[in-house]
1. Residues that are surrounded by fewer than 24 Cβ atoms within 10 Å (Cβ to Cβ) and free of Cβ contacts under 8 Å to residues at least 40 places away in the same chain, at least 3 per element: which strands (runs of 3 or more DSSP E) completely within the stretch 132-216 meet that?
2. Going residue by residue through the stretch 218-231, is there one that turns out to be closer than 25 Å to Val359 by Cα and buried (at least 16 other Cβ atoms within 10 Å of the Cβ)?
3. With the checklist (1) farther than 30 Å from Leu249 by Cβ; (2) surrounded by fewer than 20 Cβ atoms within 10 Å (Cβ to Cβ) in hand, flag the one item Val359 doesn't pass.
4. Six or more apart or on different chains, Cβ atoms under 9 Å: show the pairs whose first residue is in the stretch 393-418 and at pLDDT 95 or above and of a type in the set (S, T, N, Q) and whose second is part of a loop (DSSP other than H, G, I, E, B) and surrounded by fewer than 21 Cβ atoms within 10 Å (Cβ to Cβ).
5. Does Ala124 meet the test of being in contact with a strand residue (DSSP E or B) (Cβ under 8 Å, 6 or more places away or on another chain), buried (at least 21 other Cβ atoms within 10 Å of the Cβ), modelled with pLDDT of 95 or more and assigned to a helix (DSSP H, G or I)?
6. Scanning the stretch 285-331 for residues that are in a loop (DSSP other than H, G, I, E, B), modelled with pLDDT of 95 or more and charged (D, E, K, R), which turns out surrounded by the most Cβ atoms within 10 Å (Cβ to Cβ)?
7. Name the residue, out of Pro26, Pro70, that is farther than 20 Å from Ala204 by Cβ and either free of Cβ contacts under 8 Å to residues at least 24 places away in the same chain or in contact with a helix residue (DSSP H, G or I) (Cβ under 8 Å, 6 or more places away or on another chain) (or both).
8. Going through Ala413, Ala377, Ala371, Ala422 one at a time, which residue ends up being in a helix (DSSP H, G or I), touching a Leu at 6+ places or on another chain (Cβ under 8 Å) and not assigned by TED's automatic domain parsing to the domain that holds Asp136?
Amino acid sequence: MTTSAPDRALTRAQLTDDLQAVAVTPQDPFYRDHAPTFFRGGAPAIILQARHAEHVRSAVLLAAKHPDLPFSIRSGGHGVSGRSTNHGGIVLDLAAMNDIALPDPGTGVVRVEPGAQWLDVARALQPHGLGISSGDYGGVGVGGLATAGGAGWLVREHGLTIDRVRAVEMVLADGSSVRADAITLPDLFWAVRGAGSNFGVVTAFEIAASPVSAVGYAQFVLAADDAAQLLVDWGTALESAPRQVTSSLILGPTPPGQPVVAQVNTVVHSEQPEEIRELLAPFASAGQLVQQSAQVVPYSHVIDNVYPGPHRGVGEPHARAAVVRHITPDLARGFAELLANGEAHYFQIRALGGAVADVPAEATAYAHRDANFLPGALGRSRDGMNREWDRLRPNFDGLYPSFETDDRPDRLAEAFPPATLARLRGLKRSYDPHNVFRDNFNIDPAGVDESEHTS
């Protein structure tokens, strides 16, 4: 990840006429409203606020002409990895490309542009009795999440967001525009669902929405004096729950003199109060219940948590992520120690499992189909988080790139199993041989994988 400005700055005068009309530079009075992301401070030389695919094409060709400059692509700017801004480079901001078409009445497929926020998608689909599982924060942009994975509040019932994508329109590294689906360019379509940031800029998605009624939404505060045991008990409750139940658990440092507590948020896809109450009971009893709130609400209400106003991120995030099959006692103790020593200031485990595992591992570039949990943490320093997360790494079964800021080379092999990574690198050599798309968990086309050494 580039953190210092390049020697040669890009100026507005170097842009084509169409890009000059949508460019924001440090000289513009509203530049500071667009330079940072939610998690990261930034000082790009040029921010290009694309309004349509032709702007995207011009921006990609500009980036190709300046391989010495960072090139960040932003849909919502909420990515935990912080890679959608930079210092001294180009930011392609897709926020203005936010159209949401009405769903097809026969298939439920909806065409969504990458700059749309998931709360807006949920609100647009709600009158039709439809929804798309799409993360736990409504301000996240469609583009980043729908090319990486997407572990939302209905993930155990409906699968990852990428599992609902039926086609993409995208601009490739050479500036060409293509459509990819299961029939047309199927290899590219495979790669986009899990490693899309390496292959181009998606300008529109076709996503199959699912029937979604109202949901039960519970927020429990549980005593966490024995955090390790709580993690194990919560994990057991989740693995034992039917697919209509999805839950997450949040822990953080405890101020002196305050009780140690965890927040457990749980969604039950049901409108029936008695059924909701029954399915919530194992989560409420995972620890001593301190506070509780439960209600039946539209699905959009659950992700109606968007922070208003422009992003004001500062500094560099230090985020770590993994995927695991089970919350074992050893892993739970390790997470508890991570919080007790103060290195992590935020810790969350999101749910996977259920319908995610129905999709074969080789069907998409996201291959960790047998994982049931997605733990992640934000820490105080890069070295400290590296040390603590490396200590836990033997317990992990893979990595989720969107929540990861560690750019050490071996992280790539954790994100993608050997066969997946080898296939991705071969496709990268075909679609992006000059590595234009290199600033988001990069698969270098010049790299050599373990499978290539042994073949």
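1. 177-181
2. No, because not a single residue in the stretch 218-231 is closer than 25 Å to Val359 by Cα and buried (at least 16 other Cβ atoms within 10 Å of the Cβ).
3. The single condition Val359 does not satisfy is (1).
4. That search, which allows pairs on different chains as well, returns Asn395/Thr328.
5. No: the conditions fail for Ala124.
6. The selected residue is Arg325.
7. Just one listed residue meets the conditions, Pro26.
8. Exactly one residue qualifies, and that residue is Ala413.
The values are calculated or read from the model by the stated rules, or taken from the named source; none is laboratory data. The structure displayed is predicted, hence computed values, not measured ones. Cβ coordinates were reconstructed from backbone atoms using ideal geometry, including for glycine residues, and neighbour counts include every protein chain displayed.
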